[in-house]
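Any read-out appearing in this document is the output of simple, stated calculations on the displayed coordinates, not a laboratory observation. It should be emphasised that the depicted structure is a prediction, and the values quoted were computed from it without experimental measurement.
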Amino acid sequence: MEAKTVRFLYSQRCKEVRAQLVEQLKCLDQQCELRVQLLQDLQDFFRKKAEIEMDYSRNLEKLAERFLTKTRSTKDHLLKGAFRSGAARCEGHGGRGAEGVPSEAGAKREGTS
């Protein structure tokens, strides 16, 4: 083969390889773009999910606090009412409990222990 023919075949082959590499590079670019878009979508998803979970957490804390406040006030009210009614029962028995046994409240009131 002549040198001219070899150079021509070499340049043709180089052009074919270059075209093939350009085509492959385009495919890789598209894949990278799709993956970048997917990562951005996932990032947006998790950011929104985190916001929703934070709102949920805050609302749950508020609900729990309202429930505890209500429970505490109801419990305090019930305990005060129970204490008052228990003391009234003891006074009604002359310082003795329901079974006629002297109660601590009645004993303290009478000055005995």
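Tabulated values for the structure
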read-out: Prolate/oblate/rounded label for the range 1-57 (Cα gyration tensor, a/c 1.5); value: prolate
read-out: Derived scalar couplings ³J(HN,Hα) [the range 8-16; Karplus, 6.51 cos²θ - 1.76 cosθ + 1.60; whole Hz; x for Gly, Pro]; value: 5, 5, 5, 5, 4, 5, 4, 5, 5
read-out: Whichever lysines have a C-alpha closer than 18 Å to that of Lys70, once near sequence neighbours (fewer than 8 apart) are set aside; value: Lys62, Lys80
read-out: Extension gain from Gln20 to Arg66, taking 0.36 nm per residue of separation minus the Cα-Cα distance; value: 9.7 nm
